[in-house]
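The block underneath contains the structure these notes are about, expressed in structure tokens.
All of the numbers you see were taken from the coordinates with simple rules; none came from a lab. Note that the coordinates shown come from a computational prediction; the quantities given were computed from them, not determined experimentally. Cβ placement follows ideal geometry from the backbone for every residue including glycine, while neighbour counts extend to all protein chains displayed.
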Amino acid sequence: MKILILFSILFSLTLNGQQKLDTIYANEYKNVAMFFPKPIRQGITGASNFVFTYNREKEQYFGLLKAQPGTESNLLAVTNDGQVYSYILKYAKVLPKLNYFIDNKESIGNESSRVILEKSDTKPITQFSNRITFIEKFCNYLLKLDPETLKTKRKNGLKLQLQQIMYQGNEVYLVLDFENNSEINFEVDYLNVYRVNGNKKRKSSFQKLQQEIIYKHIFPSNVKSKKSARFVFVLPKFVLGVNEKLMIEMKELSGNRRVDLRTRF
């Protein structure tokens, strides 16, 4: 949280002309690689049409940048020594470079300045509140992509489909599609996401752990007969264990119909 607050302060300072930022160009066709002098601990873009990916489980020196057409944005990255790097991002059909080797002299500051923030009297905010605008925009971006199919479950004229799983920042995005091909409207009671471990037939070894939902994007309360709905669920980042699966369960409010799917991704 303090890192994200620091990001907004540093970005504001650079816009005021304290330091000129270099520009990095990207598009949707090629990966642009950025090699930092120290392993990347955190990186975030300011707009959803730019996606910066890096290894969040094991720190590595490089990240990959891709973009969709849209307005320019910025990238802010922090390496494991606390150095902060900031760049302007622009979309380009023709890329001038595919690989950027970052020198530590390009750092705009060190994260240690966060000590000043700890002394402020500002009221605490929830962990994800300052990212809600980005999360909403990124959900819209995912829904504009061509649908894929990772897992589908059909039951009694209902179809629940997991179309995409995307890691971004500290969140996991699940793109889902629900079709009601029955003759009766489906009023939604809930859609829950679980991590399941073990064999359901052997109750002693079966465990089901419900996951927190940060944000629901255009999730319907009622899906009419012969209609469908496509939506996004956002969860805190997690990694499935060796014997775990992801379970998504959707239940009807005034009835007994339900459909669930399980998958490893």
Quiz item: Per the Debye formula with a single identical scatterer at each Cα and no solvent contribution, what log10 I(q)/I(0) holds for region 207-257 at q = 0.29, 0.30 Å⁻¹?
Solution: -1.29, -1.32
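Using a simple charge model, +1 on the beta-carbon of Lys and Arg, -1 on the beta-carbon of Asp and Glu, nothing else, what dipole does region 142-263 show about its Cα centre, in debye to the nearest 20? The partial results should precede the final answer.
Working: 23 positive and 13 negative charges, 110 e Å.
That gives region 142-263 a dipole magnitude of about 520 debye.
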Quiz item: Of Lys66/Lys251; Lys137/Lys251; Lys155/Lys216; Lys66/Lys224; Lys151/Lys226, which ones are farther than 32 Å apart at the Cα?
Solution: Lys66/Lys251; Lys66/Lys224
Quiz item: How are the C-alpha pair distances of region 142-263 spread across 10 Å bins, as whole percents from the shortest bin up?
Solution: 13, 44, 34, 10, 0
Quiz prompt | Karplus 3J(HN,Hα) series, Hz, for region 217-233 with 6.51 cos²θ - 1.76 cosθ + 1.60 (x for Gly, Pro) | solution = 9, 6, 6, x, 8, 8, 10, 6, 4, 6, 10, 9, 9, 10, 8, 10, 10
Quiz item: Can you list the HN-Hα couplings for region 68-75, worked out from phi with the Karplus curve (6.51, -1.76, 1.60; θ = phi - 60°), rounded to whole Hz and with x for Gly and Pro?
Solution: 10, x, x, 6, 5, 8, 9, 10
Quiz prompt | Neighbour-count order for Val188, Val172, Val232, Val239, fewest beta carbons within 10 angstrom listed first | solution = Val239, Val188, Val172, Val232
Practice problem: Order by neighbour count: Met34, Met166, fewest other Cβ atoms within 10 Å first, most last. | Solution: Met166, Met34
